[in-house]
Amino acid sequence: MRFAIVVVGASLGGLEAMETLLAGLPEQFALPVAVVLHRPSQESDLAELLQRHCVLPVGEPEDKMGIEAGRVYLAPAGYHLLVEAGSFALSTDPPVCHARPSIDVLFESAADAYRDRVVGVALTGASQDGARGLATIKGRGGFAIVQDPAQAQSPVLPEAVLAATAVDRVLPIAEVAPLLAGLSQLTVR
Amino acid sequence: MTSTDLPPPIEELEIRLLLEAVFQHSGYDFRQYALASLRRRIRAQMGSERVRTVSGLQEKVLHDGACLQRFLLGLTVTETAMFRDPEFFLAFRTKVVPQLRTYPFVRIWHAGCASGEEVYSMAILLAEEGLLDRCRIYATDVNPCALQQAREGIFPLAAMQDYTTNYIQAGGKVSFSEYYTARYEHAIFRPGLKESVVFAQHNLVTDSSFNEFHMIVCRNVMIYFDKPLQARVHRLFLDSLTRFGFLGLGSKESLTFSACEGCYEPVDRRAKLYRRVQ
């Protein structure tokens, strides 16, 4: 398989954008999806909210949980979510760009663990958190998707990404999931 | 899911060499720390030490004692808060404390207490439940700076608002500000809370069991360890727990991936409170 994991990040406006994206993922989606949504540090029912829009199971991983295809993993409030080869790891290191969970932390760890086999998606967001991470994914040979800033609720993150790296696709939110479905089926490296 | 079959990148090799060097040079063993979070911290250290490579960091760590100290402190610092994850403390108050009351004397081990906020939280809770004078809390950490802060019991005043909210959600019974004196930007916690606490340096990786406890609390420390090291520390905890003793973990930690799972029954699954049954 060309790719091993999809990582997605969003902040302001991200709930609606994520709901649209997740709703578009098909039942037999062949990759794991790890998501960072900036969220208040104590709130806890975001996974249930997102589950209503998604046919794939949505949950918050525990430390050292295995990464499985066809599941959506949401970074828990107050922790950074990291990826190692085959399992998730958590950290309570200081916030990055005032964010914990941080999109950069997830994205950079995915690029470390999976090299060029990462698909990174940056959606609407009000801070730079995620721009550096997506640039790292692209730099290692992964695939970079960014939500069209003209249509994003907050264009700050999409524009920061475009300034940081050459991306593979700039898309309206409705087209992201169909593209991911296609990428998940690629076998050629 | 496995990573590619390419040989490990040079940085990962350098990290292994660095950790081996630090272990042989200082006795501190980071060789089984979880790689992803370790790597981030090492890269941050490279930035602050102004070296371009992990090998460059190794050179400095081996030949500059102050750099070694900064390195050790940087890799062992962890974050904490008072009444962090209030549901943990509420569950402890309602489900564990009634059991602890049946003992004439209670020993509690806070393993990895960091700067001590959760230790003081526990002391406050036990005082409110009328149990503190029968308790001895052992608060240990590998990081001597954090331990010294814990001994002092002085925390930023600016944090008290969030801590008050946590305290209330944890079932706190009085006005939280009764437990500290505000001076300039600091909140100085009542020295009486410390009378039942012993602070000591202890390294979960290299040190062994030192007592038998009725409760062990280790929250958001083992997330920095790899799976085999977590298993070893869980065995250390089992060796240090009385039969029917309690174990408390962080909100996103679990026993599920540990061989010790069968030795415990859950007391409160959400709060990550367990009781030893074997």
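Taking the DSSP bridge list for chain B and keeping only pairs wholly inside it, about 45 percent are antiparallel.
The sum of -39500 (n - 2.57) across all DSSP H runs of n ≥ 4, divided by the residue count of the protein assembly as shown, sets its helix-only mean residue ellipticity at 222 nm to -10000 deg cm²/dmol.
With a 10 Å cut-off around each Cβ of A:58-65, the average count of Cβ atoms from other chains is 6.
Across the range B:145-260, the volume of the C-alpha convex hull divided among the residues equals 149 Å³ per residue. Looking at the range B:167-229, the trypsin sites (Lys or Arg not before Pro) that sit in a DSSP loop and have at most 16 other Cβ atoms within 10 Å of their own Cβ are B:173. Based on the Stokes-Einstein relation at 37 °C and a viscosity of 0.692 mPa s, and on the Kirkwood radius from alpha carbon pairs, the range B:1-134 is assigned a translational diffusion coefficient of 181 µm²/s.
Across the range A:103-168, the volume of the C-alpha convex hull divided among the residues equals 58 Å³ per residue.
Can you give the % of DSSP beta bridges in the range A:1-160 that are antiparallel, to the nearest 5? Counting DSSP beta bridges with both partners in the range A:1-160, the antiparallel share is about 25 percent.
Arranged by the count of other C-beta atoms within 10 angstrom, fewest first, what order do B:226, B:64 take?
Sorted ascending by nearby Cβ count, the order is B:64, B:226.
Dipole magnitude for the protein assembly as shown: about 720 debye, using +1 per Lys or Arg Cβ and -1 per Asp or Glu Cβ, origin at the Cα centre. Close Lys pairs in chain B, defined as Cα atoms under 17 Å apart and 8 or more places apart or on different chains, number 4. Note on B:145, B:260: ascending count of other Cβ atoms within 10 Å places them as B:145, B:260, the fewest first. Within chain B, the proportion of C-alpha pairs whose separation exceeds 34 Å stands at 25%. Distance between the 7 Å Cα→Cβ label points at residue B:43 and residue B:148: 3.1 nm. Can you grab the distance from the C-alpha centre of the range A:100-125 to the C-alpha centre of the range A:29-51, Å, no decimals? Value for the Cα centre distance between the two parts: 15 Å. With the convex hull drawn over the C-alpha atoms of the protein assembly as shown, the volume per residue is 150 Å³. DSSP beta bridges confined to the protein assembly as shown are antiparallel in about 35 percent of cases. Need the C-alpha centroid separation for the range B:19-45 versus the range B:123-179, integer Å. Taking the Cα centre of the range B:123-179 as reference, the centre of the range B:19-45 is 31 Å away.
P(r) tail for chain A, what percent of Cα pairs lie past 23 Å?
Tail fraction, whole percent: 31.
Here the residues B:57, B:193, A:56, ranked from fewest to most Cβ neighbours within 10 Å of their Cβ, fall in the order A:56, B:193, B:57. Computed from the Cβ-Cβ distance with R0 of 60 Å, the FRET efficiency linking residue B:59 to residue A:163 stands at 0.95.
Net length available on complete extension from residue B:69 to residue B:208 is 47.7 nm, with 0.36 nm assigned per residue and the Cα-Cα distance removed. For residue A:64, the aspartates and glutamates whose Cα comes closer than 19 Å to its Cα, not counting residues fewer than 8 places off in the same chain, are A:84, A:93, A:108, A:112, B:226, B:253, B:261.
Where a number appears in this text, it was derived from the coordinates with a stated rule and is not lab data. Predicted model, so just to flag it, every value in this text is computed and none were measured. Cβ sites come from the backbone with ideal geometry, for glycine too, and all protein chains shown count toward neighbours.
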